[in-house]
1. What residue, of Tyr48, Tyr21, is more than 22 Å from the chain's Cα centre (by Cα), modelled with pLDDT of 95 or more and aromatic (Phe, Trp, Tyr)?
2. Do we find that Phe199 is open to solvent by less than 10 Å² (accessible area, probe 1.4 Å) and under 13 Å from the mean Cα position of the chain (by Cα) in this structure?
3. Can you confirm whether Ala188 is farther than 30 Å from His39 by Cβ and touching a Ser or Thr at 6+ places or on another chain (Cβ under 7 Å)?
4. Any chance the range 5-19 includes a residue that's assigned to a helix (DSSP H, G or I) and in contact with a helix residue (DSSP H, G or I) (Cβ under 9 Å, 6 or more places away or on another chain)?
5. Which one of Arg174, Arg184 is more than 30 Å from Phe16 (Cα to Cα) and of a type in the set (D, E, K, R)?
6. If a residue must be open to solvent by less than 80 Å² (accessible area, probe 1.4 Å), of a type in the set (A, V, I, L, M) and over 16 Å from Arg336 (Cα atoms), how many such residues does the range 1-43 contain?
7. So, restricting to helices (runs of 4 or more DSSP H) that lie completely within the range 244-335, which ones have at least 1 residues that are within 24 Å of Pro120 (Cβ to Cβ) and within 24 Å of the chain's Cα centre (by Cα)?
8. Return a yes/no flag: does the range 10-30 have any residue that is touching a residue at least 40 places away in the same chain (Cβ under 8 Å) and over 30 Å from Ala273 (Cβ atoms).
Amino acid sequence: MRTDARRHHDPQVRGFASDNYAGAHPEVLAAIALANGGHQVAYGEDDYTGHLQRVMHSHFGPTAEAFPVFNGTGANVVALQALTDRWGAVICAESAHINVDEGGAPERMGGLKLLTVPTPDGKLTPELIDRQAYGWDDEHRAMPQVVSITQNTELGTVYTPDEIRAICDHAHERGMKVHLDGARIANAAASLDAPMRTFTNTVGVDVLSFGGTKNGALFGEAVVVLNPDAVRAMKHLRKLSMQLASKMRFVSVQLEALLAKDLWLRNARHANAMAQRLAEGVRAIDGVEILYPVQANAVFARLPHAVSERLQKRFRFYFWDETAGDVRWMCAFDTREDDVDAFLQALKEEMAR
């Protein structure tokens, strides 16, 4: 029986639930097609993965080495395993993605302990780190070996390079390493108007989880080792963690398409600009409170629960804290001005009911 592929959704419908909802950027799809055809060596020995290393060098320096993986959780699990011993622990913000949104994978699959710290804005500081940075000689406590930060954070806030340098210096002085979860690293760089190296390897980050999916890739991220002396057996850990792609060229060529020129930055700047447009409109609506500084592509707001429920029937988005009435609105590389304006109009109508 012949079955023809057909479209099952309306491509004109866009919401504010997640930048993961967006499709792939046309330039990324074109790159995948370019890499198709003929045979290439499997498991990362292909020409595209080789060229990706040179592209990463241009962003993160000559010692950087990229290990493409399937997804962000896989990148974080592989990276954290490479930085810890079996008895090791990772200090992170209580709101960090590795703590609240990865189904326990770092602990269950990575075999490590997360030591969480409450933060007012999603950002760690040396003082907050010290709430968990102790007990290295206590065999009854998992040993703090890594500080993991997220750039930009789960609350949409962005670390400055100086803030990350202070964290790295503090962690290294205490014999710990630093991991940066960069699922939205492009949005952070666009917000700071600075190269990615200025808040990663230049300031002391040891290992980076580099995100592509939220910025226009079809799938695929990478663990980027910035300090080779900080990790062990990356190739083995990637395979052990089920993150070794046989046809790796199709992951690598997507990251190359984003990074070789400025597609990554164009996409991020646009998503950030749409979030600013949304925030400006929301501030003009009585009864809606923006909760955190809008520094990247996320807007967190508080409004009446019933209003959110009605609005969700018109646009997709998620509650962040349903009890408090907090919601999260995300913008993506393909969010349009008229999408934002239509959402704001719908919000005004529902607030007026």
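1. Tyr48
2. no
3. no
4. No, the range 5-19 contains no residue that is assigned to a helix (DSSP H, G or I) and in contact with a helix residue (DSSP H, G or I) (Cβ under 9 Å, 6 or more places away or on another chain).
5. Arg174
6. 7
7. Filter on the range 244-335 gives 263-283.
8. no
The values are calculated or read from the model by the stated rules, or taken from the named source; none is laboratory data. Treat the numbers as computed from the prediction; the structure is a model and nothing was measured. Neighbour counts run over all protein chains shown; Cβ positions are idealised from the backbone, glycine included. These area figures cover heavy atoms from the full protein model, side chains too; ligands, DNA and RNA do not enter into them. Shrake-Rupley method; radii C 1.70, N 1.55, O 1.52, S 1.80 Å.
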